[in-house]
1. Would you tally the net charge around Lys70, using a Cβ to Cβ cut-off of less than 12 Å, leaving Lys70 out, and scoring K and R as +1, D and E as -1?
2. Test of understanding: ordering Tyr223, Tyr165, Tyr113 by Cβ neighbours within 10 Å, fewest first, what list do you get?
3. Starting from the Cα gyration tensor of segment 3-80, take the square roots of the eigenvalues, sort them a ≥ b ≥ c, and report rounded, prolate or oblate (rounded when a/c is under 1.5, otherwise prolate if a/b is larger than b/c, else oblate).
4. Between beta-carbons, use under 14 Å as the cut-off and find the net charge around Lys134, counting Lys and Arg +1, Asp and Glu -1.
5. Between segment 153-189 and segment 36-86, how many Å separate their Cα centres?
Amino acid sequence: MSEAKTNETVHLTIDGREVDAPKGAMILDVARGMGIDVPSLCAHPGLEPFGACRLCVVEIQKPGWDDWYKQLVTSCLYPVEEGLKVWTDSDEVRQNRSVVLDLQMARVPESDYIRELGRQYGVEKTSYAERDTKDTCIMCTICVRACEAIGRSAIATLSRGPDKYVDVPNKDACIGCLVCASLCPTDAIPFTANDNGKRRIWDKEFDLVTDERTGEVLGTPEYLAHVQKRAEGNGLVWPETLKQESAKVKRYEYARKLSRVADVEDRLADEAK
Ligand code: SF4
Ligand code: FES
């Protein structure tokens, strides 16, 4: 979570617009707060920044630098500074994003989401050798970090280099909360949320508990037990905590929408109609 650590503010310029922002806030969050659309893949407003995808790059210039000199930085990890100038959509920025997307298109050739983003940056087809796979995981690790925050740290990255992948090494640890699948930017985690009273994810099948009065699905027994245990451990009241937890998962899902390029989602949704 990239939150400001103090009440101090700094004055800076983003795309020619002046703004006062909390000291310690990240460029990405400040730009988005101004309504500027900076694309990202591994950032999520509810999670600590990770800096893996480099799609959020922007150009910066600090006071005192020569006029011609600018630097590219990852905006999700770069805090705002007094007098900073930022460009979020310069030729240099677009060129760098197109390289990132060119590589991602080779990694996950079946991902509509990455393909559509690539198109926005002029990459119709990857210039690298495509992987022969239907897997659409881009190794952003949002699922791993979200599982740590909401679930039971069941998901891990395994292997190394280009063979790296995410999985649930200990199936018992997964509680079927679905937070990983619902936040995955490329829908790489297959699941069924409610198929005749059963839920399936990570090759595991779960029962579902429903609210007797409303018929609303409350979650899997494992998820409810997890929330209850955490509530009791924190001296909180059960079952009120369940409502708070459900709201938290919903907030995470909502935040995911904010963190994605809305355009792409809308277009893909239109195409699916
Ligand atoms: S499965 Fe999805 S959320 Fe997890 S690392 Fe891959 S792309 Fe990211
Ligand atoms: S590196 Fe910033 S969003 Fe991925």
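Since every read-out is calculated from the coordinates, none of them should be taken as a lab result. Treat the numbers as computed from the prediction; the structure is a model and nothing was measured. Neighbour counts run over all protein chains shown; Cβ positions are idealised from the backbone, glycine included.
1. On the way: positive: Lys62, Lys85; negative: Glu59, Asp66, Asp67, Asp91, Glu92.
It works out to a net charge of -3.
2. Working: Tyr223 27, Tyr165 13, Tyr113 22.
Ordered from fewest to most neighbouring Cβ atoms within 10 Å, Tyr223, Tyr165, Tyr113 come out as Tyr165, Tyr113, Tyr223.
3. On the way: a/c = 1.69, a/b = 1.18, b/c = 1.43.
Taking the square roots of the gyration eigenvalues as a ≥ b ≥ c, segment 3-80 is oblate.
4. Values: positive: Arg107, Arg115, Arg131; negative: Glu110, Asp112, Glu130, Asp132, Asp135, Asp187.
Its environment carries a net charge of -3.
5. Using only Cα atoms to place each centre, the spacing works out to 28 Å.
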